[in-house]
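Participant: Sharing a structure with you now.
The values are calculated or read from the model by the stated rules, or taken from the named source; none is laboratory data. None of the values given here were measured: they were computed from a predicted structure. No Cβ is skipped: glycine too gets one built from the backbone with ideal geometry, and neighbour counts run over all protein chains shown. Keep in mind that these areas ignore ligands, DNA and RNA; they rest on the heavy atoms of the full protein, side chains included. Shrake-Rupley method; radii C 1.70, N 1.55, O 1.52, S 1.80 Å.
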Amino acid sequence: MAQPAVMLGLRLPDVDRWSERVIVALGQNPGAFTGPGTNTYLVGTGRERLLLDTGQGLPAYLPVLERALDLAGGVRLREIVLTHSHPDHLGGVRGIRERHGPLRVSKRPLPALDAAIGCEVEAIDDGAVIEVEGATLRAVHTPGHAEDHLCFVLEEERAIFSGDNVLGVGTTVIPAQGGDLGLYLRSLERLLAEAPGVIYPAHGPRIADGVAKLREYLDHRRERERQILAALEAGIERVPEMVREIYAAYPEALHAAAAGSVASHLRKLLREGRVVQRDAEDPLLARWTLR
Ligand SMILES: [Zn+2]
């Protein structure tokens, strides 16, 4: 799930080889929140490959996955690994297992949402290492966009599969349900500490300079926080007015998404004890002041 707008109009090939051991197959679910669609990745170099994420479960995806397996040299699937429990990442599990057999599915458990996967889940967590011929994936727990979110370091390339934490287009949404901007920023710092080269995101094209992109993401959020604090300082108390002030240069169609982003910053500041929320529990309706 990503921020809309910037993502519209971007087209990527359905199937593409992004490295010796990484082939991308597009989830066939383009939209405001998924950009060109969810990237699913065939990982490895041998006769059996790992599949990272599964798209939304649209029928059009299965033939695309078929073509990816052909491009890899007529290989088979060995297992499925999921970055997190959002529908555009786990929705394809059922159809893939019907077509390709009862493959093992691994992720960091989140029982409330994992039921939608429709099969048993092998629990993995921070530090777990998953090996497939030609590729070693190391899980990094990166909550913030979703509490169960794992990124995966591809050790052979010092690359990172970033899931929804870093995107090839747009910026990551921090949802009111399960999202946490403070944790998200810490997760970005953790990824930065891995000093990645390439980043393979769950949406949009491959990112060539992972470190530069992570710095850009962190700077962007810090700048936004600075602007929100300045708005509060100027006595602006409500989110819609903050949005009008901070996003004055952006089309109004974006303001709803912007309000969600401002709300995620205010929830972070509230947890840090730096602001006071009054009148309403919904951050979009509340009055906000500096403490
Ligand atoms: Zn997501």
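Participant: Within the range 136-151, name every residue whose backbone N is under 20 Å away from a label modeled 7 Å from Cα of T45 along the Cβ vector.
Facilitator: It comes to 136-138, nothing else.
Participant: Hey, how many Å between the Cα centroid of the range 37-115 and the Cα centroid of the range 150-208?
Facilitator: 19 Å
Participant: A follow-up question, please. Let me understand the chain better: what is its radius of gyration from the alpha carbons, and its Dmax, in angstrom?
Facilitator: Rg, Dmax (Cα atoms, Å): 19.6, 63.
Participant: Still on this structure: Output the direction-averaged projected area (hull surface divided by four) of the convex hull of the alpha-carbon atoms of the range 24-167, in nm². Spell out each step's value before the answer.
Facilitator: Details: hull surface 31.0 nm².
Mean projected area for the range 24-167: 7.7 nm², to one decimal.
Participant: Which whole-number value in Å³ per residue fits the convex hull of the alpha carbons of the range 183-291?
Facilitator: That works out to 120 Å³ per residue.
Participant: For G31, which sequence-distant residues (separation of 5 or more, or a different chain) have an amide H within less than 5 Å of its own amide H, given hydrogens modelled in the peptide plane?
Facilitator: Close amide H contacts, sequence-distant or interchain: G37.
Participant: Moving on to the next point. Of L229, L266, which has the most accessible area with a 1.4 Å probe, and how do the rest follow in descending order?
Facilitator: L229, L266
Participant: Quick one: if you stick a label point 7 Å off each Cα along the C-beta vector at R215 and A116, how many nm between them?
Facilitator: 3.6 nm
Participant: Output ³J(HN,Hα) for the range 86-95: one whole-Hz value per residue in order, computed from phi by the Karplus curve 6.51 cos²θ - 1.76 cosθ + 1.60 with θ = phi - 60°, and x for Gly and Pro.
Facilitator: For the range 86-95, the Karplus curve yields 7, x, 7, 10, 9, x, x, 4, 4, x Hz.
Participant: Got a number for carbon plus sulfur as a percent of the chain's accessible area, 1.4 Å probe?
Facilitator: 51 percent
Participant: Between E237 and E155, what length in nm is gained on full extension when 0.36 nm per residue of separation is reduced by their alpha carbon distance?
Facilitator: 24.8 nm
Participant: Right, next: Rounded to the nearest 500, what is the chain's calculated 222 nm mean residue ellipticity when only DSSP H runs of at least 4 contribute -39500 (n - 2.57) each, over all residues?
Facilitator: -9500 deg cm²/dmol
Participant: Compute the whole-percent fraction of alpha carbon pairs in the range 126-208 spaced more than 21 Å apart.
Facilitator: 23 percent
Participant: Sort D164, D209 by heavy-atom solvent-accessible area, probe 1.4 angstrom, most to least. Before the final figure, lay out the partial values.
Facilitator: Details: D164 0, D209 85 Å².
Descending accessible area places them as D209, D164.
Participant: If amide hydrogens are placed 1.01 Å from N in the peptide plane, which non-local residues have theirs closer than 5 Å to the one on R49?
Facilitator: Distant-sequence amide H within range of R49: R76, L77, R78.
Participant: Would you mind getting the accessible area per residue of the chain, heavy atoms of the protein chains only, 1.4 Å probe, in Å²?
Facilitator: 43 Å²
Participant: Ok, one more. Quick check on the range 1-156: of the DSSP beta bridges with both residues there, what percent are antiparallel, nearest 5%?
Facilitator: Of those bridges, close to 70 percent are antiparallel.
Participant: Just round it to a whole percent: the fraction of Cα-Cα distances in the range 163-247 exceeding 14 Å. The partial results should precede the final answer.
Facilitator: Working: 2433 of 3570 pairs.
So the portion of pairs separated by more than 14 Å is 68 percent.
Participant: While we're here: Based on DSSP, what percent of beta bridges with both residues in the chain are antiparallel, to the nearest 5?
Facilitator: Antiparallel bridges: around 70 percent, rounded to the nearest 5.
Participant: Under a 10 Å cutoff between Cα atoms, tell me which one of V140, V129, V153 has the largest fluctuation in the Gaussian network model of the chain.
Facilitator: Evaluated over the chain, the most mobile residue of the options is V129.
Participant: Rounding to the nearest 10 and keeping the result within 0 to 90°, find how far the Cα-based axis of helix 255-271 lies from the longest principal axis of the chain.
Facilitator: That helix lies at roughly 80 degrees to the long axis.
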